[in-house]
Amino acid sequence: MRSVHYMLALLVVVLWGVNFIFIDLGLRDWPPLLLVAARFTFVVVPAIFFVRFPRGSFGRILLIGTFMSAGQFGLLYTSMALGLPAGLTSIVIQIQAAFTVIVAALVLHEIPSRRQIIGILIGLVGLAVIGLSLQANVPIVAFLVAVGAALSWATGNVIARGVKPGTNGVQMTVWSALVVPIPMVALSTVIDGPAEVAHALTHPTWGVVASVVYTAGLASLVGYVIWNSLLARFPASQVAPFSLLVPPVGVLSAWIVLGDRPSIAELIGGVLLLLGVAVTTGVLKNLARGIRNGPRRRRKIVVRQAPEEVSASS
């Protein structure tokens, strides 16, 4: 990867990390499920007219949308509306990596490796530390709902494994979003009441508009386009580690903008959780391999260039 590609990867990290601030901004004026519906409406329209339908059955795409989009974000937005701080939410949701391995073992009978088991245990310990150290103003139910969002995301990940090769994340994001708007509006009407939903729809605030534009346009569409273009050009082992920078950006940005200052215990739990994710996904192993192989590659390049330098000088 060249410097421009590292900059693009970091841009995606910032887009996804700051995403939680804009979610919080929208939740100040609109019910959570209605805000989710608005976000995915603008993910679908007009992108669906320009993005090709992904290869595979439409039923599987709808299932992915149900768990990865409607379930994950419906629960995530609800957890934040219930009081879970934006920065802490960005950390808790990352336990999905460990949950994915567990769901795959239960559903697909995939036997996790020893490294994955160790990573899952570390991540769950970190999650427990966060849950036990929540500040007094954060309801435990908000934390549990965020854990449910991570589990829904993990379930969607496992279902997505059945999608045929050649399908990219942009296609999946756009077409699976079809399943989100109508059910979310219906649920919001039942939970929040028709009067509140009608008032929200007829009185959109600048905060809601900014939230929808950012989360749908920048975080979902632009972020995925850049991310998947990098995955298409470079090995996943080089690109994937950048995703672990999203929670630190989320915590730092929420701290600066919203004043959400996590406790020391929450930070310790967050570090353990992210360490568990890094071990589970093999990020640490890939980084160690890259560090070991780096000097060898440089030595090989020097050897190949030496004859060219001699030829040029003569």
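Once the 1.4 Å probe is applied to the protein heavy atoms, the range 10-95 comes out at 37 Å² accessible per residue.
Here the range 1-65 and the range 257-286 have alpha carbon centers that stand 23 Å from each other. Take the Cα of Glu196, go 7 Å toward its beta carbon, and the backbone nitrogen atoms of the range 3-42 under 17 Å from that spot belong to 24-38.
Ordering Ala265, Leu187, Leu27 by the projection of their Cα atoms onto the charge dipole of the chain, which places +1 on the Cβ of Lys and Arg and -1 on the Cβ of Asp and Glu, puts Ala265 at the extreme positive end.
Accessible surface of the chain, 1.4 Å probe: 70 percent of it comes from carbon and sulfur atoms. Between Ser229 and Arg60, the FRET efficiency from the beta-carbon distance, with R0 = 22 Å, is close to 0.35. Axis angle, to the nearest 10 degrees, between helix 223-233 and the longest C-alpha principal axis of the chain: 30 degrees. Computed over protein heavy atoms with a 1.4 Å probe, the accessible surface of the range 124-208 works out to 50 Å² per residue. How far is helix 181-192 tilted, in degrees, relative to the longest principal axis of the Cα atoms in the chain, given as a value from 0 to 90 rounded to the nearest 10? Once rounded, one gets 50 degrees.
At R0 = 45 Å, how high is the FRET efficiency between Thr205 and Phe53 if r is their beta carbon distance? Nearest 0.05 is fine.
The pair Thr205/Phe53 has a calculated efficiency of 0.80.
Each of Asp29 and Ile268 was given a label point 7 Å from its Cα along the Cα-to-Cβ line. The distance between the two points is 4.1 nm. Computed over the alpha-carbon pairs of the range 177-266, the distance histogram in 5 Å steps reads 2, 10, 10, 16, 16, 14, 17, 9, 4, 1, 0 percent, short to long. Once the Cα atoms are used to define both axes, helix 3-27 deviates from the longest principal axis of the chain by about 10 degrees.
Placing dummy labels 7 Å off each Cα toward the beta-carbon, the span from Gln135 to His109 is 4.9 nm.
The values are calculated or read from the model by the stated rules, or taken from the named source; none is laboratory data. Just so it is clear, the structure is predicted and the values come from calculations on it, not from any experiment. Heads up, the Cβs are rebuilt from the backbone with ideal geometry, glycines too, and the neighbour counts pull from every protein chain shown. Areas reflect the complete protein model, heavy atoms only, side chains present, ligands, DNA and RNA absent. Shrake-Rupley method; radii C 1.70, N 1.55, O 1.52, S 1.80 Å.
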